[in-house]
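Some notes on the structure that comes next.
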Amino acid sequence: MFDNGNLRALDGAGNTCGSNEPCYSRVVTYQVDESARTVSLAWVNTLDLFSFFGGSARLLANGNVEFDECAGPLPGPNSAIFEATRSTPPQTVWQMTVSEYAYRAFRMPSLYPGVQW
C-alpha cells in the first residue's frame, strides 16, 4: 500500500488490477551477471490465480521451482503451494492447498530417519 492507503497493484493507466485488466501473480527467476552488473529475466510462470499478498519461491536442486501463493485460489484463508518445471510452458509437478495463509511455505524432509517421501 502507498502511504495514503491506496493499493500499489496499478495498471499503466493508474487503475488497480481487476478494473481494466485481470489480476494475476507470477513466479520469475533471473540470471545475474555480477561482473557486468546486469540482470536478465531467465524464466517466468504467469499463474491463473492471484495472491493479494505474500508468497515465496526457491530453486530446487533438481532445477524445478517451488513456490507458494499465500492467498490462494479458494475463498477464505488458504494457500497454494506448487513445484513446477522451468520449461516453456511450465509443467506443475506437485501441488497442495493449505487452509491457512502460508506466507512462506516449503516441503521439509522426512521426520523419520531413513524414510524418503
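FYI, it's all coordinate maths here, none of it is from the lab. No experiment lies behind these values; they were computed from the predicted model shown. For neighbour counting, all protein chains shown are included, and Cβ atoms are generated from backbone atoms with ideal geometry for every residue, glycine included.
Across the range 47-56, coupling constants 3J(HN,Hα) worked out from phi with the 6.51/-1.76/1.60 Karplus curve, θ = phi - 60°, read 8, 7, 10, 10, 9, 6, 6, x, x, 7 Hz, and Gly and Pro carry x. Peptides 106-114, 41-49 ranked from most to least packed by the mean count of surrounding Cβ atoms within 10 Å: 41-49, 106-114.
For the range 26-98, the Kirkwood estimate of the hydrodynamic radius, built from every pair of different alpha carbons, is 13.1 Å. Rounded to the nearest 20, the Cβ-based charge dipole of the range 26-98 about its Cα centre (Lys and Arg +1, Asp and Glu -1) stands at 100 debye.
Rounded to the nearest Hz, the phi-derived 3J(HN,Hα) couplings of the range 98-108 under the Karplus curve 6.51 cos²θ - 1.76 cosθ + 1.60 (θ = phi - 60°) are 10, 8, 8, 6, 10, 4, 9, 10, 7, 7, 10, where x marks glycine and proline. Couplings 3J(HN,Hα) of the range 80-91, computed from phi: 10, 10, 9, 10, 9, 6, 9, 7, 10, x, x, 10 Hz, in residue order, whole Hz [Karplus 6.51 cos²θ - 1.76 cosθ + 1.60, θ = phi - 60°; x for Gly and Pro]. Using the Cβ-Cβ distance between residue 95 and residue 31 with R0 set to 22 Å, the FRET efficiency from 1/(1 + (r/R0)^6) comes to roughly 0.25. Within the range 26-98, DSSP assigns beta bridges of which about 100% are antiparallel (rounded to the nearest 5).
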